[in-house]
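Trainee: Dropping a structure here in structure tokens format, bear with me for questions.
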Amino acid sequence: MRQPGMTPHLAEFSAKMANAGLSPLVIDTFAHYYRRLVGGETGLIHDADILPIQPHEIPKAAELGGYAAAGRHALGQAVRIVLNGGLGTSMGLVGPKSRLKVKQGLSFLQIILRQAELSQCRLAMMNSFNTHTDTLSEVTRLKPSRPPLFFLQHKFPKILQGELTPVSWPPNRELEWNPPGHGDVYAALFASGMLQKLLEEGVRYAFICNSDNLGAGIDESLLGYFAEKRFPFMMEVAEKTPSDIKGGHLARHRNGRLVLREAAQCPKEEIAAFQDIRRYRFFNTNNIWVNLEFLKDLIHRHRFVDLPMIVNPKTVDPRDEKSPPVYQIETAMGSGVSLFEGAAAVNVPRARFLPVKTCNDLLAVRSDCFVYSEREGLKLNPARKSAGRTEAIKIKLDSKYYGKFDLLEERFKEGEPSLVACDALTIHGDVRFEKGVVIRGAVTITNPGPAPAVIKVGTVIDRDLVL
């Protein structure tokens with residue numbers, strides 16, 4: 001049994017991180033978590049330690065319109081920080097996911113840059129080592145009138161299970177490291193000097209979001225509410241639906257503070273309670289507001305940001321289940337809600353959470369379910385709203401034929417079908433679409449044969465179809 005404080009291999013990890021050019025802050029942060037891991041901590045949060053959040057405990061964003069004027073006044077003191085570390089490999093992408101064309105021929109990155117040009121607040125992007133060079137090259141090519149600021153996400157060494165030693169993997173040295181999760185944004189802001197730079201320029205309020213969530217722009221009412229109330233930290237949450245059972249949820253620790261519990265922090269025997277959307281009703285949208293003065297003070301007082309630890313068991317090579325088992329130490333950005341005295345949450349509409357994680361999501365966003373304008377960004381089509389369809393469409397495509405973005409595009413060469421009146425779309429088999437197809441209601445389209453089937457131009461589908 002390991003005893004707390006027994007860390008015979010910590011010096012090896014520290015030397016490895018120093019040789020990789022990581023800052024003392026990052027090394028100290030990893031050392032803190034490594035000591036906890038060696039001491040037997042798991043990072044798990046038990047039901048007995050938390051209480052569900054009730055709707056009356058947090059305000060709805062729709063009730064905060066009176067703060068819009070204060071938000072417009074605070075725009076000059078605000079920065080939008082976009083997390084841009086993802087490669088989108090699960091969708092078959094090579095390079096930064098933010099370069100994927102998502103709406104009207106525009107990429108995530110193009111839309112984000114245009115929003116920054118039209119806004120009065122600054123734009124910064126946290127790249128990973130995997131996305132930094134390509135993103136800089138793409139921004140240079142696009143020549144925005146207001147180029148973003150950039151800083152880099154760090155990396156943690158993977159930990160060999162059993163011995164708890166640094167991993168050595170000569171076939172691919174990069175696989176000896178793992179991203180430390182988006183919780184690293186706070187340390188990366190500080191260690192890069194970006195935090196001090198922003199403060200010196202008069203920036204006090206940071207809105208942090210994911211690059212693949214086009215529903216997440218600077219909202220003047222939310223900014224005004226955050227600034228006027230002088231919250232140190234504010235999390236945007238949305239009400240769970242059955243499709244959100246795996247997402248991290250907001251709760252209240254029995255010490256009174258808000259807390260975020262991710263799926264990886266839930267004991268296996270309590271997973272049913274974790275997924276009960278009637279009990280834990282609010283999930284984290286990963287839209288976060290942070291007062292930068294409070295963040296700087298927190299780091300100065302504690303030397304690092306002590307976010308709740310997530311211990312993620314993996315294999316060294318995620319594509320090789322027979323490679324050695326390792327632990328990855330990670331943290332979640334939203335778990336900062338438990339660190340700040342007086343942290344708050346706000347219940348936002350689903351329109352603030354429109355991530356594109358799969359080709360199913362990509363088809364929905366590209367279709368007429370959503371409309372895009374430079375001023376308002378990505379919004380649910382008003383025609384869909386007027387018909388009472390307020391929820392995003394449920395799409396399930398055959399992963400064999402639609403699981404990668406190039407396969408998806410091949411099957412919709414002439415444009416996506418109209419889905420504004422569609423409630424749910426399921427496709428089995430290889431089905432290709434000509435232009436002007438309209439799908440209504442809840443529909444399943446099946447092609448049981450090996451050859452591609454084609455939906456002809458102008459076809460209207462309002463019932464299940466076997467081709």
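The values are calculated or read from the model by the stated rules, or taken from the named source; none is laboratory data. Quick caveat: nothing in here was measured; it's all calculated off a predicted structure. Heads up, the Cβs are rebuilt from the backbone with ideal geometry, glycines too, and the neighbour counts pull from every protein chain shown.
Trainee: Quick one: count up the residues across segment 172-194 that are of a type outside the set (S, T, N, Q), under 20 Å from R319 (Cα atoms) and touching a residue at least 12 places away in the same chain (Cβ under 8 Å).
Mentor: Final tally of qualifying residues: 6.
Trainee: Sort out which residues of segment 256-270 are part of a loop (DSSP other than H, G, I, E, B), closer than 16 Å to I58 by Cβ and in contact with a helix residue (DSSP H, G or I) (Cβ under 6 Å, 6 or more places away or on another chain), and write them in order of number.
Mentor: Residue satisfying the conditions is R257 alone.
Trainee: For segment 152-199, give me the residue count where each residue is surrounded by fewer than 20 Cβ atoms within 10 Å (Cβ to Cβ), hydrophobic (A, V, I, L, M, F, W, C) and farther than 17 Å from E12 by Cβ.
Mentor: 3
Trainee: Filter segment 356-390 down to the residues that are surrounded by fewer than 16 Cβ atoms within 10 Å (Cβ to Cβ) and aliphatic (A, V, I, L, M), then identify the one that is modelled with the highest pLDDT.
Mentor: The residue in question is A383.
Trainee: Select from segment 55-68 the residues that are surrounded by fewer than 13 Cβ atoms within 10 Å (Cβ to Cβ) and within 24 Å of the chain's Cα centre (by Cα) and list them in ascending order.
Mentor: Of everything in segment 55-68, those that are surrounded by fewer than 13 Cβ atoms within 10 Å (Cβ to Cβ) and within 24 Å of the chain's Cα centre (by Cα) turn out to be P55, K60, A62.
Trainee: Conditions: (1) more than 14 Å from F412 (Cβ to Cβ); (2) in a strand (DSSP E or B). R384 meets all but one. Number of the miss?
Mentor: Condition (2) is where R384 drops out.
Trainee: When you check K413 against the structure, is it part of a loop (DSSP other than H, G, I, E, B), charged (D, E, K, R) and more than 13 Å from D368 (Cα to Cα), yes or no?
Mentor: Criteria met by K413.
Trainee: Give segment 20-35 a look and list any residue that's surrounded by fewer than 18 Cβ atoms within 10 Å (Cβ to Cβ), more than 15 Å from V305 (Cα to Cα) and either under 26 Å from the mean Cα position of the chain (by Cα) or in contact (Cβ under 8 Å) with a residue 60 or more places away in the chain (or both), or say none.
Mentor: Within segment 20-35, A20 is the sole residue that qualifies.
Trainee: Just to check your reading of the model, which residue among V237, V203 is modelled with pLDDT of 95 or more and more than 17 Å from G71 (Cβ to Cβ)?
Mentor: The conditions single out V237.
Trainee: Something else now. Can you find even one residue in segment 396-405 that is in contact with a helix residue (DSSP H, G or I) (Cβ under 9 Å, 6 or more places away or on another chain), acidic (D, E) and either surrounded by fewer than 16 Cβ atoms within 10 Å (Cβ to Cβ) or under 29 Å from T89 (Cβ atoms) (or both)?
Mentor: Within segment 396-405 (the criterion being in contact with a helix residue (DSSP H, G or I) (Cβ under 9 Å, 6 or more places away or on another chain), acidic (D, E) and either surrounded by fewer than 16 Cβ atoms within 10 Å (Cβ to Cβ) or under 29 Å from T89 (Cβ atoms) (or both)), the answer is no, since none of the residues qualifies.
Trainee: If you scan segment 415-454, which residues turn out to be of a type in the set (A, V, I, L, M) and surrounded by fewer than 20 Cβ atoms within 10 Å (Cβ to Cβ)?
Mentor: Those that are of a type in the set (A, V, I, L, M) and surrounded by fewer than 20 Cβ atoms within 10 Å (Cβ to Cβ): A421, A424, V438, A442, V443, A451, A453, V454.
Trainee: Related question: Among the listed residues K413, K400, K396, identify the single one that is in contact with a Ser or Thr (Cβ under 8 Å, 6 or more places away or on another chain) and within 23 Å of L465 (Cα to Cα).
Mentor: Within the list K413, K400, K396, the selection yields K396.
Trainee: From the list I445, I393, which one is β-branched (V, I, T) and modelled with pLDDT under 95?
Mentor: Going through I445, I393 in turn, the sole match is I393.
Trainee: Let me ask another. Anything in segment 95-122 that is in contact (Cβ under 8 Å) with a residue 40 or more places away in the chain and either charged (D, E, K, R) or farther than 15 Å from N213 by Cα (or both)? List them, or say none.
Mentor: Hits for segment 95-122 are K97, K103, Q104, R114, L118, S119, Q120, C121, R122.
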